[in-house]
């Protein structure tokens, strides 16, 4: 059998490849075969059926615990986002320029802290990235401001918090990956996931602002 990937005769994309996260939730489903499998466990002896029943209970507990972990990871991101908004708000005041910080940003952050959609979190992140860009532009346009210790410290805090957000998102994505793999782990977890209507979860999606900035020429 020939190699599926041949490094000596590769297909090359000269233009490169821009990848994106697909914001689609896929439900966990099982077919007739899985139902027959469950029934057959009870037919010859009761013991296999009982054992599988306990395995399903264990799987349900696993999903509940993992869901709490995902919630904790998301809350950590929210905490850093909130701190970053406060830092950027202070920067805007120090710069004393017309930098519009949408008053609903704090409301949105508070709204999804108890568990809202990933789409809402990404939307707020996009708003924060836009604010950060405006603050950075104002900071760069006025070189004399760089000597202002409070502004310099605030900009350093902004960079630090962005790194912490990135690290927190990696933990969040790890938990999301564990969930997405588990709901398709046949038979036990997938059967439990299907019966409870579980779907895949969407990992972190970078905002358009960040993607556009990554394509800029820095040197």
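Which pairs turn up if I take residues in the stretch 18-44 that are in a loop (DSSP other than H, G, I, E, B) and look for partners that are surrounded by fewer than 11 Cβ atoms within 10 Å (Cβ to Cβ) and at pLDDT 95 or above with beta carbon separation below 9 Å, at least 6 apart in sequence or on another chain?
Once the first residue is in a loop (DSSP other than H, G, I, E, B) and sits in the stretch 18-44, its partners that are surrounded by fewer than 11 Cβ atoms within 10 Å (Cβ to Cβ) and at pLDDT 95 or above give 28/197.
Taking the residues in the stretch 176-214 that are at pLDDT below 95 and assigned to a helix (DSSP H, G or I) as candidates, determine which candidate is surrounded by the most Cβ atoms within 10 Å (Cβ to Cβ).
The qualifying residue surrounded by the most Cβ atoms within 10 Å (Cβ to Cβ) is 209.
Select, from 137, 131, the only residue that is at pLDDT below 85, over 20 Å from the mean Cα position of the chain (by Cα) and under 19 Å from residue 206 (Cα atoms).
Answer to the check: 131.
To keep it simple, each residue is scored yes or no on (1) touching a helix residue (DSSP H, G or I) at 6+ places or on another chain (Cβ under 7 Å); (2) modelled with pLDDT of 90 or more; (3) surrounded by fewer than 12 Cβ atoms within 10 Å (Cβ to Cβ).
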| residue | (1), (2), (3) |
| --- | --- |
| 24 | no, yes, yes |
| 28 | yes, yes, no |
| 31 | no, yes, yes |
| 34 | yes, yes, no |
| 44 | no, no, yes |
| 50 | no, yes, no |
| 53 | no, yes, no |
| 61 | no, yes, yes |
| 64 | no, yes, yes |
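When the residues of the stretch 145-156 are filtered to those that are surrounded by fewer than 17 Cβ atoms within 10 Å (Cβ to Cβ) and in a helix (DSSP H, G or I), which remaining residue is modelled with the lowest pLDDT?
By that ranking, first place goes to 147.
Do we find that residue 72 is under 20 Å from the mean Cα position of the chain (by Cα), free of Cβ contacts under 8 Å to residues at least 24 places away in the same chain and either in a helix (DSSP H, G or I) or surrounded by 11 or more Cβ atoms within 10 Å (Cβ to Cβ) (or both) in this structure?
So residue 72 fits the description; yes.
For the stretch 75-108, what are the residues that are part of a helix (DSSP H, G or I), under 18 Å from residue 162 (Cβ atoms) and modelled with pLDDT under 60?
Within the stretch 75-108, just 105 meets the criteria.
The values are calculated or read from the model by the stated rules, or taken from the named source; none is laboratory data. Keep in mind the model is a prediction, meaning the values are calculated, not measured. Quick reminder, even Gly has a Cβ in these numbers, built from the backbone with ideal geometry, and neighbours come from all protein chains shown.
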